[in-house]
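In what follows, a single structure is set out as structure tokens and then discussed.
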């Protein structure tokens, strides 16, 4: 892996002990984030994408959690760092933005006050006036009109899109090196989503801000990501550049995700290609490849757990977890003229 | 897609100038109405037998309010709602009862729309029971048949909602809705709360059921991609009004209204090369 | 906000009016017995009853009677007849004692309730939480009339640390004032501490699951900052409402038993005696006094709630 990686995750494992047994939410995730890069982590519920992100900043540390593996930020190991160190890092070096801006702000404090709180948590010497001025500046930088007045408003006085911009402003307050956005546009209307994506992309470009974007929406990924990680049942099943994932996907789950998308730019198919079954229960995973129960291409080798490997000679960075040969993959992934997973008999 | 019958007279659902205002009250001692929230501000559309009309719009556009008003869950402020040629906007509860067999609704939140204290069999069988269609073991047989039809198994009859995933719960809701073989099913954001891989399953199921039972759908969603896939005709709503209406191809390929164009342009295209083109052309 | 307060104040007046009418109807109109007889008390002479009849105008139409009654209440002419004292004088006399008891107890129960609830929530599931929860439940379960004698026996009779009864006015001797109130305060507070600790704990545990708490942690706030500025602050809102109502109810009359056992000469004791002797005027007077405080506290709490939660104050706008 590149020595120039800003953030380096190696074999991260996060398990939670529950009444029903050990729930392995993240099972051996590795990736690099380079400076200025936008990495998209794609997955559905139960894929482990949010837990991965939260673990990187230490939010999952608890009595019932078992965390193993390594997360290095600019060479410094975070998983073994003390709580005080992690607290310092949160917001200052790695900032996180969450899905629902309505509930992510405390409803009883003004927006400006909450931004100032973030600033003063790390720079206690900042005066209230300085903090407020900085808050106004930040709100302006994310495109909120009339920031002088808006800084004193309460969260419920903002619209959904404005709130998310304010969240992003708060995350940028201490000029972090990495921004993690966990489903930042899922709760927003599509026109607002487009604006927020444009904002994230602008921030990434102008400030060289490395960004991890967590989402289930491949359309969003296509708009702003440089590289993509596809997660399923706590494991990475495919990773590569944006073009590699979209134009040469190697894992059946990825085919399924791509296939089940509705495409405005293409004629309507007779049936929407779907993925059969549902995401697995993490307490009851099949032996070997976790996608087996839903995969129409399952064969004799699948009960053996497939390693994440680069199987294409000219694409060393493009890895996947599927035993099929590249030739077989090229064949099987085309369904009715598009990439997809076989639709079951109607 | 539909199995639309040739137009034999009255459309199945004919809504004209539907209006729903919510009063805004202010006052020191006594609340006076100082203004109105015009949730639905004069909306007209038709749904023919066996076809799907997609109603697409963002939050606050009024599409959910339209659904509720059509099914008479809330009272419209004014306007006409005709079902099979008959005016239903002013009907009393007793008169609405037989009509409810013909018009059913599927809701967005699969976690909130099923009573957690009832078994699945009870939930799906309730409409049949209430309308006096069946009871006892015959009821159970019909319910189990419905469960299989929507992709569940007959033994799920005895389970509780919390034992199911979101997609499965939505199937339960669908089974309940079609139990009385309605002519019209109003779907209020039926797939928005589901995982992407499950959304396609549910959309396909709805398509199949439409073919099998000749159902008509009023399909309401904010995801224009899904709406485009399942609908025959589409209406675009914005701030309480329908700004554009027509066949799917007309509205999606050759939009006339500015808002429709804006909406279509905002949908991300899952194709990196086209995305990059778009950015360049901005 | 001003509009909000005005509305609440008007509402308060309306409720008090309604309560006074109810008191009137319940005590004067409904009973089969001649109201003058009830007013006069157990040892009434016929002449007294006749005088009362004339004074109160029981031959007048009902609305007139109501107005007469209200006039008497407001001009301090509501008299108990055995011995002859104006009821409101007697109530005013009892106020310092009752206030000392209830306000002191309220401060104690609020402080400890918050503290124990906070500790329980922060260490939820641990041994401290379990001990505190057990103690809270015990506190809620022990009735006042059991706790008080036990405390008196232990601390006043056996250990002789505190006096067993009486109230000493603050102006007379602050030291003794405090001394005489400790046991009554503890008695009154123990039940409420348990209750409030449970409520605070429960609200805080709910708040800890909220998204904004996750945001606060993600910003890098210290755990203590997260717990106090975000979790506790938001948990307090329902607690404030509860406290207002409880305090109002306590002043209005829950303190009766405590005052009776400890022989504290407050409004509660006055009411207890009047009930024992079935003297109607004091009962009516205390009922109105109680209603006034409950309604007042309700209004205060409503206004305070709006202050604490900007969503209520400003109304849900957005978009």
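The values are calculated or read from the model by the stated rules, or taken from the named source; none is laboratory data. Nothing here was measured: the structure is a model prediction, and the numbers come from that model. Quick reminder, even Gly has a Cβ in these numbers, built from the backbone with ideal geometry, and neighbours come from all protein chains shown.
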Filtering the range B:132-164 down to residues that are within 22 Å of residue B:101 (Cβ to Cβ), part of a loop (DSSP other than H, G, I, E, B) and at pLDDT 90 or above yields B:150
Do we have any residue at all in the range B:188-200 that's touching a residue at least 60 places away in the same chain (Cβ under 8 Å), touching a helix residue (DSSP H, G or I) at 6+ places or on another chain (Cβ under 6 Å) and more than 14 Å from chain A (Cβ to nearest Cβ)? yes
Please work out which one of (1) surrounded by fewer than 23 Cβ atoms within 10 Å (Cβ to Cβ); (2) facing chain A (nearest Cβ under 10 Å); (3) in contact (Cβ under 8 Å) with a residue 12 or more places away in the chain; (4) closer than 15 Å to residue A:271 by Cβ is the condition residue B:222 fails and give its number. (4)
In the range C:53-96, what residues are exposed (fewer than 13 other Cβ atoms within 10 Å of the Cβ) and not in a helix (DSSP H, G or I)? C:59, C:60, C:61, C:75, C:76, C:83, C:84
Counted residues in the range C:238-257 being at pLDDT below 85 and over 8 Å from the mean Cα position of the chain (by Cα) come to 2
Considering A:327, A:309, which residue is free of Cβ contacts under 8 Å to residues at least 24 places away in the same chain and touching a strand residue (DSSP E or B) at 6+ places or on another chain (Cβ under 7 Å)? A:309
State whether one or more residues within the range A:216-234 are in contact with a helix residue (DSSP H, G or I) (Cβ under 7 Å, 6 or more places away or on another chain), more than 10 Å from chain B (Cβ to nearest Cβ), farther than 30 Å from residue A:286 by Cβ and not in a loop (DSSP other than H, G, I, E, B). no
Output for the range A:102-111, where each listed residue is facing another protein chain (nearest Cβ under 9 Å), in contact (Cβ under 8 Å) with a residue 40 or more places away in the chain and not in a loop (DSSP other than H, G, I, E, B): A:102, A:104
Any residue that is closer than 16 Å to residue B:230 by Cβ, under 14 Å from the mean Cα position of the chain (by Cα), more than 12 Å from every other protein chain (Cβ to nearest Cβ) and in a strand (DSSP E or B) - is there at least one of those in the range B:165-185? yes
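Results for (1) in contact with a strand residue (DSSP E or B) (Cβ under 7 Å, 6 or more places away or on another chain); (2) at pLDDT 75 or above, shown as yes or no for each residue.
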| residue | (1), (2) |
| --- | --- |
| C:18 | no, yes |
| C:23 | no, yes |
| C:62 | no, yes |
| C:76 | yes, no |
| C:80 | no, no |
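To keep it simple, each residue is scored yes or no on (1) more than 25 Å from residue B:148 (Cβ to Cβ); (2) crowded, with 18+ Cβ neighbours inside 10 Å.
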{"site": "B:175", "(1), (2)": "no, yes"}
{"site": "B:181", "(1), (2)": "no, no"}
{"site": "B:207", "(1), (2)": "no, yes"}
{"site": "B:236", "(1), (2)": "yes, yes"}
{"site": "B:240", "(1), (2)": "yes, yes"}
{"site": "B:253", "(1), (2)": "yes, no"}
{"site": "B:260", "(1), (2)": "yes, yes"}
{"site": "B:266", "(1), (2)": "yes, no"}
Number of positions in the range A:269-291 that are over 17 Å from residue B:198 (Cβ atoms) and surrounded by fewer than 17 Cβ atoms within 10 Å (Cβ to Cβ): 6
Here are A:114, A:99: which of them is within 20 Å of residue A:142 (Cβ to Cβ), within 9 Å of another protein chain (Cβ to nearest Cβ) and in a loop (DSSP other than H, G, I, E, B)? A:99
Suppose we filter C:188, C:178 for residues that are more than 27 Å from residue A:180 (Cβ to Cβ), without any contact (Cβ under 8 Å) to a residue 40 or more places away in the chain and either within 14 Å of another protein chain (Cβ to nearest Cβ) or in a helix (DSSP H, G or I) (or both); which single one remains? C:178
Do any strands (runs of 3 or more DSSP E) lying entirely in the range A:1-65 carry at least 2 residues that are surrounded by fewer than 22 Cβ atoms within 10 Å (Cβ to Cβ), and which ones are they? A:7-18, A:21-33
Against the condition part of a loop (DSSP other than H, G, I, E, B) and loosely packed, with under 15 Cβ neighbours inside 10 Å, how does residue B:117 come out, does it pass? yes
Taking the criterion of being farther than 18 Å from residue C:214 by Cα and modelled with pLDDT under 95, would at least one residue in the range A:82-105 satisfy it? yes
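Condition check ((1) facing chain A (nearest Cβ under 7 Å); (2) in contact with a helix residue (DSSP H, G or I) (Cβ under 7 Å, 6 or more places away or on another chain); (3) closer than 26 Å to residue A:201 by Cα) across all residues:
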position	(1), (2), (3)
B:234	no, yes, no
B:241	no, no, no
B:245	no, no, no
B:250	no, no, no
B:253	no, no, no
B:257	no, no, no
B:262	yes, yes, yes
B:276	no, no, yes
Of the residues in the range A:118-171, how many are part of a helix (DSSP H, G or I) and either within 14 Å of residue A:104 (Cα to Cα) or within 12 Å of chain C (Cβ to nearest Cβ) (or both)? 20
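Residue-by-condition table, conditions (1) modelled with pLDDT of 95 or more; (2) surrounded by fewer than 23 Cβ atoms within 10 Å (Cβ to Cβ); (3) more than 30 Å from residue A:23 (Cα to Cα):
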| position | (1), (2), (3) |
| --- | --- |
| A:145 | no, yes, yes |
| A:149 | no, yes, yes |
| A:153 | no, yes, yes |
| A:159 | no, yes, yes |
| A:184 | no, no, no |
| A:195 | no, yes, yes |
| A:213 | yes, no, no |
